[in-house]
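First comes the structure, then the notes that go with it.
Please treat every number below as a calculation from the coordinates, not as lab data. Because the structure is a prediction, the values reported are computed rather than measured. Backbone-built Cβ (ideal geometry, glycine too); neighbour counts: all protein chains shown.
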Amino acid sequence: MRIVFMGTPEFSVPALKALVEAGHDVVGVVTQPDKSKGRGKEIQMPPVKEQALEYGIPVYQPVKARDPEFVKVLADLAPDTMVVAAFGQILPKSILDIPKYGCICIHASLLPKYRGAAPIQYAVIHGEKESGITTMLMAEGIDTGDMLDQEAVSLDSKETGGSLHDKLSQVGAALILKTLKKLEDQTAVRTPQDDSNSNYVGMIKKSMGDIDWSMEAVSIERLIRGLNPWPSAYTVWNGKTIKIWDAEVVDKEYEGPCGQVVETGKDCLVVKTGKGGLSIKELQMQGKKRMDIGAFLRGYPIVEGTVFERSV
């Protein structure tokens, strides 16, 4: 097939690779503009652009894909289909109508559940047992189009946003090839979504990681995993931010305020929550490297009665 690929982050790269290596004619890659990053404000290319350049595929980086001038550029490429994977812009009808087979989205959830920008993180945060990939014929609404294929993935008990991201990016790369073959063979089945079962999840914000210790320990532990590696869950001790990377739920009730350290030991730090305790296993002091709890406590002794605070 003659394909225009639209994607931006690392999640999208395996799908682009799969299309090229399967022999599809990727005539153009559309991605977000380069951005400055870090203290040095060094300009960085999106991962998809880097991969496209390796393949020698023309790259387009419109500030707004919906601009009529760019819509004409896409139309002139005359794609059979456009494959969209975490591109980062909403596509108007003028673009959706260009390809013969329509625009196919690789979406990182089992639609109609978790429409929107952050389905991977929320699957972990909400304690889902499974997630997956849906290939979908795009419509004008946000993730509302007819479904074409789905593949489920089980979540491990210690699944993080990062580990699920990596699993689903590979699943999406394989599934899009199956979907495109069905479209070519005219065997694809369109299944409308049941809007009554949908959930919309917005973008992840850094402030979401500010741990509210009045929440149940189970919910905090899921939050820690869901926001790993970005933006991470964190708390404040002695005016400094501590990122928490790994923790386990303690099924026991404690006296005292939420956020108070209620058990300590050589390799033990338990914090009281709204329900149960949270045993912290790996953390990171502001400006320092990640450490397991034993190493951390040797450098930063924390006594029982210490209270962790929120940043605001």
(request) Mark the label point 7 Å from the Cα of residue 195 along Cα→Cβ and return the residues of segment 106-142 whose backbone N is within less than 20 Å of it. (result) 110-117, 136-142
(request) Have a look at 46, 118, 91 and report the one farthest towards the positive end of the charge dipole of segment 2-201, computed about the Cα centre with Cβ charges (Lys/Arg +1, Asp/Glu -1). (result) 46
(request) Return the calculated 222 nm mean residue ellipticity for the chain, to the nearest 500 deg cm²/dmol, obtained by summing -39500 (n - 2.57) across DSSP H runs with n ≥ 4 and dividing by the residue count. (result) -7500 deg cm²/dmol
(message) Between residue 166 and residue 126, how high is the FRET efficiency from 1/(1 + (r/R0)^6) when r is the Cβ-Cβ distance and R₀ = 22 Å? Nearest 0.05.
(response) 0.70
(request) Output the pairs from 167/275; 167/240; 17/158; 206/288; 243/266; 64/167 with a Cα-Cα distance over 24 Å in this structure; if there are none, say none. (result) 167/275; 167/240; 17/158; 64/167
(message) Testing the spin-label approximation: label points 7 Å from Cα along Cα→Cβ at residue 214 and residue 154. State their distance in nm.
(response) 3.8 nm
(request) Pull up the DSSP beta bridges for segment 2-201 and report the antiparallel fraction as a percent, rounded to 5. (result) 45 percent
(request) When a/c is below 1.5 the answer is rounded, else prolate if a/b is larger than b/c, else oblate, so apply that to segment 207-299 with a ≥ b ≥ c taken from the square roots of the Cα gyration tensor eigenvalues. (result) oblate
(message) Angle check, please: helix 217-226 long axis (alpha carbons) against the longest principal axis of the chain (alpha carbons), in degrees 0 to 90, nearest 10.
(response) 40 degrees
(message) Suppose every Lys and Arg Cβ carries +1 and every Asp and Glu Cβ carries -1, with no other charges. What dipole size does segment 207-299 come out with about its Cα centre, to the nearest 20 debye?
(response) 440 debye
(request) Starting from one equal scatterer on each C-alpha and no solvent at all, send me the Debye-based log10 I(q)/I(0) for segment 2-201 at q = 0.10, 0.12, 0.17 Å⁻¹, two decimals. (result) -0.40, -0.58, -1.17
(request) Work out, step by step, the length gained on full extension between residue 238 and residue 255: first 0.36 nm times the residue separation, then minus their alpha carbon distance; give nm to one decimal. (result) 3.9 nm
(request) Give me the distance between the Cα centres of segment 190-257 and segment 292-306, rounded to whole Å. (result) 22 Å
(request) Could you work out the relative contact order of the chain, using alpha carbon pairs under 8 angstrom and six or more residues apart, expressed as a whole percent? (result) 13 percent
(request) Return one number: the angle in degrees, 0 to 90 and rounded to the nearest 10, between the long axis of the Cα atoms of helix 161-185 and the longest principal axis of the Cα atoms of the chain. (result) 20 degrees
(message) Assuming 0.36 nm per residue, please report the length gained on full extension of the stretch residue 290 to residue 312 beyond their Cα-Cα distance.
(response) 5.6 nm
(request) Could you sort 129-139, 14-24 so that the peptide with the highest average Cβ count within 10 Å comes first and the rest follow in order? (result) 129-139, 14-24
(request) Just order 62-71, 108-117, 189-198, 25-34 by mean Cβ neighbour count inside 10 Å, highest at the front, would you? (result) 108-117, 25-34, 62-71, 189-198
(request) In a Gaussian network model over the chain where Cα atoms closer than 10 Å are linked, find which of 268, 103, 258 has the largest mean-square fluctuation. (result) 268
(request) Measure nothing fancy, just the Cα-based angle from helix 68-77's long axis to the longest principal axis of the chain, in degrees from 0 to 90, nearest 10. (result) 70 degrees
